[in-house]
1. Inspect segment 64-72 for any residue being at negative phi, hydroxyl-bearing (S, T, Y) and in a helix (DSSP H, G or I) and give the result as yes or no.
2. Kindly list the number of the only condition in (1) touching a helix residue (DSSP H, G or I) at 6+ places or on another chain (Cβ under 8 Å); (2) over 23 Å from G34 (Cβ atoms); (3) acidic (D, E) that fails for E51.
3. So which of V70, V74, V30 is exposed (fewer than 15 other Cβ atoms within 10 Å of the Cβ) and in contact (Cβ under 8 Å) with a residue 40 or more places away in the chain?
4. Give me the pairs: first residue in segment 51-67 and among the acidic types (D, E), second residue in a helix (DSSP H, G or I) and surrounded by 16 or more Cβ atoms within 10 Å (Cβ to Cβ), beta-carbon distance under 7 Å, and six or more apart or on different chains, which are they?
5. Inspect segment 35-55 for any residue being more than 15 Å from R71 (Cβ to Cβ), modelled with pLDDT of 95 or more, in contact with a Lys or Arg (Cβ under 8 Å, 6 or more places away or on another chain) and in a helix (DSSP H, G or I) and give the result as yes or no.
6. For segment 1-16: of the residues being closer than 16 Å to A54 by Cα and either assigned to a loop (DSSP other than H, G, I, E, B) or among the acidic types (D, E) (or both), which is modelled with the lowest pLDDT?
Amino acid sequence: MQTTEIEQEIRSFIVENFLFGRAEALNDDVPLLGNVIDSTGVIELIAFVQERFAISVEDEEVMTENFGSVRNVVTFVEKKLQNKEATEQG
């Protein structure tokens with residue numbers, strides 16, 4: 001899966017679920033927590049990422065470095081997918 005596809009899916013989910021279609025309010029580096037989503041929203045975002053990309057998010061991975069912005073979420077998902085592929089090919 002390409003980075004642009006991952007980004008589009010994450011961005012679409014956030015815009016549709018938290019910004020009521022106002023995509024202009026979201027750029028790659030806008031802090032999500034407090035500005036765009038609340039703590040319940042983080043749980044929804046994590047559930048979406050796990051389901052959509054078939055990855056698991058461990059409790060210790062739920063941090064600003066991984067879920068603080070669109071760019072961070074995309075990077076996190078890419079790493080998880082790469083690790084999953086490496087494990088499966090193992």
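The values are calculated or read from the model by the stated rules, or taken from the named source; none is laboratory data. Since the structure is predicted, the reported quantities are computational estimates derived from the model, not experimental observations. With ideal geometry, Cβ positions are generated from the backbone for all residues, glycine too; neighbour counts draw on all protein chains shown.
1. Step one: filter segment 64-72 for residues at negative phi, giving 64-72.
Those left that are additionally hydroxyl-bearing (S, T, Y): 64, 69.
Filter again for in a helix (DSSP H, G or I), leaving 64.
Checked segment 64-72: at least one residue is at negative phi, hydroxyl-bearing (S, T, Y) and in a helix (DSSP H, G or I).
2. If we test E51 against (1) touching a helix residue (DSSP H, G or I) at 6+ places or on another chain (Cβ under 8 Å); (2) over 23 Å from G34 (Cβ atoms); (3) acidic (D, E), just (1) comes out false.
3. Details: V70 fails: exposed (fewer than 15 other Cβ atoms within 10 Å of the Cβ); V74 fails: exposed (fewer than 15 other Cβ atoms within 10 Å of the Cβ).
One residue alone meets the criteria, V30.
4. Hits for this filter: E65/N72.
5. Within segment 35-55 (the criterion being more than 15 Å from R71 (Cβ to Cβ), modelled with pLDDT of 95 or more, in contact with a Lys or Arg (Cβ under 8 Å, 6 or more places away or on another chain) and in a helix (DSSP H, G or I)), the answer is yes, since at least one residue qualifies.
6. M1
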